[in-house]
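Encoded as structure tokens, the structure appears first; notes follow it.
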Amino acid sequence: MKKIDIISATPDLLKSPFSGSIMKRALDNGLVDINFHDLKDYSISNNKQIDDYQFGGGAGMVLMIEPINNCVNFLKKQNKYSEIIYMTPDAPVLNQKICNKLSVSGNLIIICGHYKGIDQRVRDNIITMEISIGDYVLSGGELPAAVLCDSIVRLIPGVLNDGTSALTDSFQDNLLAPPVYTRPSTFQNLKVPDVLISGNKNKIEAWREEKSIEKTERIRPDLLKK
Ligand code: ADE
């Protein structure tokens with residue numbers, strides 16, 4: 001079973017995304033094992049210090065190397081890991097290709113940054129991969145870590161009820177997903193496209209592909225250039 005260990009200074013922030021819906025089901029069914037580790041428990045000082053002022057001056061606290069090193073070493077004694085990932089806005093941006101790769105990789109450690117960042121020696125010597133979830137800055141790496149986990153966990157075989165549904169997601173083929181409709185087929189004067197209730201599988205597939213391309217050209221033309 002894939003194991004994901006998340007290291008955070010504020011692990012309480014991580015709880016809710018894992019306590020419902022698809023992620024909870026995956027955990028309950030033993031399809032993935034996710035654990036949170038409080039960085040403060042690995043501090044080397046009595047007052048549980050985990051961050052300090054930056055050398056050279058400047059605003060903001062920086063996460064220290066010792067607690068992170070202690071926690072990672074503790075985890076590495078018990079398991080083998082494919083990647084030690086650091087969530088940070090100054091990194092390559094997450095995409096579906098990375099999610100696919102990480103979903104079939106071995107165990108993962110995810111480190112959440114906070115405040116001003118993390119001692120560069122952690123990035124240079126402990127971390128094997130850095131991921132941003134987009135070109136905007138959040139207060140910490142906890143929400144990004146939850147985003148990354150969700151994107152990976154839903155791809156693990158058996159997690160989604162419908163085995164094909166992850167394959168038809170937006171981005172799996174660099175196209176946005178086509179529009180979807182459900183009952184009623186007519187709401188006030190709003191009708192579902194006839195083709196979707198025609199029962200003709202080939203026509204439906206062709207319509208969906210056409211809509212996918214149309215939507216991608218309109219909203220994300222950059223994807224079509226890839
Ligand atoms: N931490 C703060 N902002 C972030 C972002 N955009 N991606 C990943 N980690 C972050």
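Quick notes on this one:
- In the range 131-153, the condition of being more than 16 Å from the ligand (Cβ to nearest atom) and either aromatic (Phe, Trp, Tyr) or in contact with a helix residue (DSSP H, G or I) (Cβ under 8 Å, 6 or more places away or on another chain) (or both) is met by at least one residue.
- The condition (being at pLDDT 95 or above, among the basic types (Lys, Arg) and under 22 Å from residue 119 (Cα atoms)) is satisfied by just one residue among 76, 80: 76.
- Residue that is farthest from residue 60 (Cα to Cα) [pool: residues in the range 101-127 that are of a type in the set (Ser, Thr, Tyr) and open to solvent by 30 Å² or more (accessible area, probe 1.4 Å)]: 105
- Looking only at the range 121-130, and only at residues there that are away from the ligand (no atom under 16 Å from the Cβ) and over 18 Å from residue 74 (Cα atoms), the one that is nearest to the chain's Cα centre (by Cα): 124
- The range 12-49 - residue that is in contact (Cβ under 8 Å) with a residue 40 or more places away in the chain and touching a Phe, Trp or Tyr at 6+ places or on another chain (Cβ under 8 Å) and, of those, surrounded by the fewest Cβ atoms within 10 Å (Cβ to Cβ): 34
- Test: residue in the range 141-159 that is over 22 Å from residue 80 (Cβ atoms) and exposed (fewer than 14 other Cβ atoms within 10 Å of the Cβ): yes
- The number of residues in the range 170-225 being in a loop (DSSP other than H, G, I, E, B) and either within 22 Å of residue 98 (Cα to Cα) or not aliphatic (A, V, I, L, M) (or both) comes to 23.
- For the range 17-49, taking the residues that are in a helix (DSSP H, G or I) and small (Gly, Ala, Ser), the one that is farthest from residue 4 (Cα to Cα) is identified as 21.
- Test: residue in the range 165-179 that is touching a helix residue (DSSP H, G or I) at 6+ places or on another chain (Cβ under 9 Å), at pLDDT 95 or above and of a type in the set (Val, Ile, Thr): no
- Any chance residue 90 is assigned by TED's automatic domain parsing to the domain that holds residue 21, among the acidic types (Asp, Glu) and within 9 Å of the ligand (Cβ to nearest atom): yes
- Scan the range 67-95 for residues that are part of a helix (DSSP H, G or I), open to solvent by less than 70 Å² (accessible area, probe 1.4 Å) and in contact with a helix residue (DSSP H, G or I) (Cβ under 8 Å, 6 or more places away or on another chain) and the total you get is 5.
The values are calculated or read from the model by the stated rules, or taken from the named source; none is laboratory data. Only a predicted model underlies this, so the values are computations on that prediction, with no experimental measurement involved. Virtual Cβ from ideal backbone geometry, glycine too; neighbours counted across all protein chains shown. Only protein heavy atoms, including side chains, enter the accessible area calculation; ligands, DNA and RNA are left aside. Shrake-Rupley method; radii C 1.70, N 1.55, O 1.52, S 1.80 Å.
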